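Written below as structure tokens is the structure these notes are about.
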Amino acid sequence: MSETSKNILIVDDTPENITALTAIISKFGKIKAATSGMKALKICSGGIKPDLIFLDVTMPEMDGWEVFSRLRQDNTTAAIPVIFVTALTGDSDREKAMSMGAAGYITKPLDAELICSLVKRFI
Amino acid sequence: MITAYGSEEFMVKAEKFGLDGFLIKPVSPSTVVDTLMSIFSSKTAGIPLTLRQPEDPVGLVRNIRGARILLAEDNDMNQQVAIELLEGVGLTVTLAVDGREAVEKMRSDFHAVLMDVQMPNLDGYEATRIIRSRKEFDGIPIIAMTANAMEHDLVLAKRAGMVSHVSKPVDPENFYRTLAAFIIPDPSRPFDRVADEDTETGGGTARGDRSELPASLPGIDIDDGLSHLAGNVRAYMKLLRKFPGNQGSCAELIKQFLSRDEKEEARRMVHSLKSVAGNLGAKDLYAAAREVEAALAENLDAGTLIDRMEYQLRVVVEGLKSSLPGSEVNRATVAGEVDISQVKSLVDDLEKLLKDDDTASIEIIDKLYCMGISSLDDILSEMRTQADSYDFESVVEKLEILRKRIDDIN
């Protein structure tokens, strides 16, 4: 079994999407949630860093790309693996995510099997 | 398409012509394979893995389930395919993204190494030579992953100390057969224990039971929806119940936004509707929302498409309203005997979780609500709504009032 002490942060402005993703990955550890980019950065600036982040791309005010680059600029959060989650389709976003150094890129509707194998890779 | 020009512009043009990939000259066997793999995996991404597997893949590797494999592969598509194949049959994978990392991550308790031969930093041959030079790794088979029928590669692989090879793109049956042939159960290096797939995904009480759901719902493919949530019936029911209230008036709102020329808002709303519908298995609505989103992105008139989406939305919402009536939780009917100290300790737990933005706080609020303490009904139901929207900060602000109300009970 997985260690339950692992922290996974889900960032998505649509609460239903957080609920759906939580349903898939809650068996891997403690799930934290943020509905905005600012909130996500605030959580990451705290003492306990997430072991893995699922980050929605399309969010108002601060989108996923911006959150990601801010995390990368801060030494204390730069190494946290980030998996982008998006309902956008098209290879350009996938390539953008990979070229930025993302740990993964998944699309909605969610593929539970793929997500679990991704999580196991990082936790 | 094969071209000697490596320019971005050319690639964009090639894609517009409907080509699936491009190779830049000089062509190496590895890039040919990587390109084929990326075409292969993007085309089959929507097909469940089980359809692509041979008849009984598990049978081929039954005796080595739980074996630990080091996978050294630099291409992310190839990684994903290999990991899905390996983990799909209960093998444990450690990933190395190049030869150098393969050497660093090598452990004496691995049962086999799968090594791409062409990798940056340190290639597979060199990495194999280094691993083979260390006594502690004696007896651990290293299997090359190479382009098929390149005799030259095979000779080099053997010479470096690899025992066999599998070809890329991976043929699952051959892949499993090779692994099964070279991984030998060894009591001094026991395999990991693998949970039985059936019991792991089966209907435990926390995840709920399929029988709690209606046999069918208009506009919704229930099995598809459940598959997106790894079979978690509880979470699925929760999302279904929330849908009419949260998304029911989406189409109307989108029209209003557009009439006020608030395009960004309209796009965001249809984007969100699309993702929620997709996860629920509301396939027609998902498809309709996707068309609206595409039209809005191109600044086209989406009027007819929005009408079609509105119709699909109504089908789903009306169906849910009539098929899923009643309350979602079983609340205690007798509020007579409530253990106040238990309530207080739950509230203490809740505070800790909320301040940690931990989603487990939602379950604690549900638990408190289900105790059926009438004087706490209104405040707990407000807190539930906020927590369901992951607005934990607003819930924290209510804690003080909640504590006061609890003190007033006696």
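What follows is calculated from the coordinates using simple rules that are stated; it is not laboratory data. Note that the structure is predicted; figures quoted are calculated from it, not measured. Glycine gets a Cβ as well: all are built from the backbone with ideal geometry, and neighbour counts include every protein chain shown.
Descriptive notes on the structure:
- The 3J(HN,Hα) values that the Karplus relation (6.51, -1.76, 1.60; θ = phi - 60°) gives for segment B:372-388 are, in residue order, x, 7, 4, 6, 9, 3, 5, 5, 5, 6, 5, 4, 4, 4, 5, 5, 5 Hz. Gly and Pro appear as x.
- Two-site FRET efficiency, B:SER381 against B:ARG107, from Cβ-Cβ distance with R₀ of 60 Å, rounded to 0.05: 0.70
- Backbone amide hydrogens, once placed in the peptide plane, bring B:HIS165 within less than 5 Å of B:ALA144, excluding anything fewer than 5 places away on its chain.
- Once the C-beta distance of B:GLN342 and B:ILE184 is scaled by a Förster radius of 51 Å, the resulting FRET efficiency is 0.40 to the nearest 0.05.
- Remark: segment A:1-102 carries a charge dipole of roughly 460 debye about the Cα centre, counting +1 on each Lys and Arg Cβ and -1 on each Asp and Glu Cβ.
- Distances between placed amide hydrogens fall under 5 Å for B:ALA96 paired with B:LEU71, B:ALA72, B:GLU73, all partners being 5 or more residues away or on another chain.
- With the charge dipole of chain A set up from +1 on Lys and Arg Cβ and -1 on Asp and Glu Cβ about the Cα centre, the Cα lying farthest toward the positive end among the listed residues A:THR86, A:PHE122, A:THR22 is that of A:PHE122.
- Qualifying trypsin sites (Lys or Arg not before Pro) in segment B:79-188, where qualification requires a DSSP coil assignment and no more than 15 other C-beta atoms within 10 Å, comprise B:ARG107, B:ARG134.
- Whole-Hz ³J(HN,Hα) from phi, Karplus 6.51 cos²θ - 1.76 cosθ + 1.60, for segment A:47-64, glycine and proline x: x, 9, 7, x, 7, 7, 10, 9, 10, 5, 7, 8, 9, x, 6, 10, 7, x
- Shielding of A:53-65 by partner chains, average beta-carbon count, 10 Å: 1
- Counting other Cβ atoms within 10 Å as a rough exposure proxy, the listed residues B:TYR236, B:TYR311, B:TYR125 run B:TYR311, B:TYR125, B:TYR236 from fewest neighbours to most.
- Peptide B:390-402 shows a mean partner chain C-beta count of 2 within 10 Å per residue C-beta.
- Spin-label pair A:THR76-B:ASP223: with each label point 7 Å from Cα along the Cα-Cβ axis, the two points sit 5.0 nm from one another.
- Amide H contacts of B:LEU217: B:ILE222, each under 5 Å away and 5 or more positions distant or on a separate chain (H built 1.01 Å from N in the peptide plane; Pro and chain starts excluded).
- Computed extension gain for B:ARG403 through B:ALA297, at 0.36 nm per residue and net of the alpha carbon distance, reaches 33.2 nm.
- Across segment B:353-370, coupling constants 3J(HN,Hα) worked out from phi with the 6.51/-1.76/1.60 Karplus curve, θ = phi - 60°, read 5, 4, 5, 9, 6, 7, 5, 5, 4, 4, 5, 5, 5, 4, 4, 4, 4, 6 Hz, and Gly and Pro carry x.
- Between B:ASP349 and A:MET100, the modelled label-to-label distance comes to 3.8 nm, taking each label 7 Å out from Cα in the direction of the beta carbon.
- Bridging of B:LYS352 to lysines at a Cα separation below 21 Å is possible for A:LYS6, A:LYS27, A:LYS30, A:LYS32, A:LYS39, A:LYS42, A:LYS49, B:LYS344, B:LYS367, B:LYS398, B:LYS404, once same-chain residues fewer than 8 apart are set aside.
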